[in-house]
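Laboratory data are not the source of any read-out in this text; all were calculated from the coordinates shown. Note that the coordinates shown come from a computational prediction; the quantities given were computed from them, not determined experimentally. Reconstructed Cβ throughout: ideal geometry from the backbone, glycine too, with neighbour counts over all protein chains shown.
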Amino acid sequence: MRYLPALLVGLALSGWSSAQARDNGQAVSPEIGRPIQAAIELLKAKRAGEALARVREVQALAHKSPYESYLVDRVLGQAAAAAGETATAARAYEAVANSPAAPQNERRQFLLAAASQYYLAKEYAKSADLSGRYLSQGGGDKAVRALHAQALYLSNHFAAAARALASDVEAEEQSGKAPGEEQLQLLANAYLRQRDSAGYGKAMEKLIAHHPKRDYWLAVLHGIASRPGFAATLAVDVARLKLATGTMRTAGEYLESAQLVLQDGFPLEAAKIIEQGYAAGLLGVGADAERHKRLKDLVARNLTDDRKSLAQEAARATGAKDCRTTLNDGYNYVLHGRSEKGLAMMEQCLKLGTGLRRPDHAKLQLAYAYHLAGQDRKAIQVYGTVQGADGAAGIARLWSLHLSRNGAL
């Protein structure tokens, strides 16, 4: 992946004449002035190859004054750029930028021209150096910043590229603008080339926040689930996020997800997952179609028993339940459309906290229940309280991004 900034690489030449040089107090000898003037006329006529040949006639002449050298390099750069000789143009423009005869107000402009031509010539380290000089001298053009970051990346200065890109991305976000997709791709790759998994994860999260594509979601979810220390019990939470973002890809994923929630005691959720798998054309087909049907039938039987159990709930003694059981029962009520009762049970469980080994996992379940109940703002609030280094906090961030993107805020 290469993020190529849209940048003008040519530099317009104003007309020149020996009379103008005299008016400026600069002397130009006829043996230099005549071919240079001829080259300028050829450039105006869009005959770059001929113009380049005329400039080269005087390029090797000895005893040029600083102003004559500056003039030759300036026209040489323009002719070479027009003729497609980028390396020659780059060196000429760099010489102009460094010339003591160059007007002070033009030097930064020629630094930019040199950096652009070096980039086209694939001399990325030189392009990064000169574009960096341009920026350090007060140049603030967004396209030049993009050129600088790209040149740093392509010259294998990944840490410097990441710093430059991260700064630009932060500035874009603070101004209320969405960073460009290619800009964020490059930032993610710059972190990846450094093996900076934390930085890569943050860049990918920015991609799904601003440009939520399926491939980005797949990469982020895989990154969280494969990170060292990831809690296996969070697999069901990853599955729920995959279902919400349309990133279930295989029959195996649908089956595993349905089995996980069935084991947790939620046959209605399992039935909905299986239904989605059939609708996606991944279940009920192929050599395993009969296996899919057996799981579907098992879930249906469990769902019948679950509904009977809910109908008898009023006769149960709820005081004997532990907090985990109360949390799951409350979630099950939400699944069956009795959100007010279910959410109250879950909130009470979280408030007491008795018997919860992993409160952050319980918060994920509560937040998802709020989402199912159509209360996404409340869900985001709860997701914002999730902590921990076992993957729970990452899942919560992703849910917040997803819900925010879909109009919850």
Taking region 134-230 on its own, what percent of its Cα-Cα pair distances exceed 21 Å?
34
Just grab the label-to-label distance for ASP215 and ASN406, each label 7 Å out from Cα along the Cβ direction, in nm (one decimal).
2.3
Taking R0 as 56 Å and r as the Cβ-Cβ distance between LYS308 and LYS122, the FRET efficiency 1/(1 + (r/R0)^6), rounded to the nearest 0.05, comes to 0.20
Arrange the following residues from fewest to most other Cβ atoms within 10 Å of their Cβ: LYS242, LYS213.
LYS213, LYS242
Please compute the length gained on full extension between THR385 and ASP322, using 0.36 nm multiplied by the number of residues separating them and subtracting their Cα-Cα distance.
20.4 nm
Would you calculate the convex hull of the Cα atoms in the chain and tell me its volume per residue in Å³?
175
Note: region 232-408, point scatterers on Cα, Debye, no solvent; log10 I/I(0) at q = 0.10, 0.20 Å⁻¹ equals -0.40, -1.42
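Let me know the shape class of region 263-318, please: from the alpha-carbon gyration tensor, a ≥ b ≥ c as square roots of the eigenvalues, rounded when a/c is under 1.5, otherwise prolate if a/b is greater than b/c, or oblate. Each step should come with its number before you reach the end.
Values: a/c = 3.86, a/b = 2.87, b/c = 1.35.
Verdict is prolate for region 263-318.
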Relative contact order of region 232-408 (C-alpha contacts under 8 Å, at least 6 apart) in percent is 16
Multiply the residue gap between ARG163 and ASN98 by 0.36 nm, knock off their C-alpha separation, and tell me the result in nm, one decimal place.
20.6 nm
Taking the Cβ of PRO35 as the centre, find all other residues whose Cβ is under 13 Å away and add up their charges (Lys, Arg: +1; Asp, Glu: -1).
-1
Quick shape check on region 272-360: root eigenvalues a ≥ b ≥ c of the Cα gyration tensor, a/c under 1.5 is rounded, otherwise prolate if a/b tops b/c, else oblate, and it reads prolate
Angle between the chain longest axis and helix 251-263 axis [Cα atoms, degrees, rounded to 10]
40
Where a Cα-Cα gap under 25 Å defines reach, which lysines qualify for LYS296, not counting those fewer than 8 residues away within the same chain?
LYS242, LYS272, LYS308
How about LYS126: which aspartates and glutamates have a C-alpha closer than 17 Å to its C-alpha, ignoring those fewer than 8 places off in the same chain?
GLU85, GLU94
Packing-wise, with mean Cβ within 10 Å as the measure, how do 381-387, 78-84 rank, highest first?
78-84, 381-387
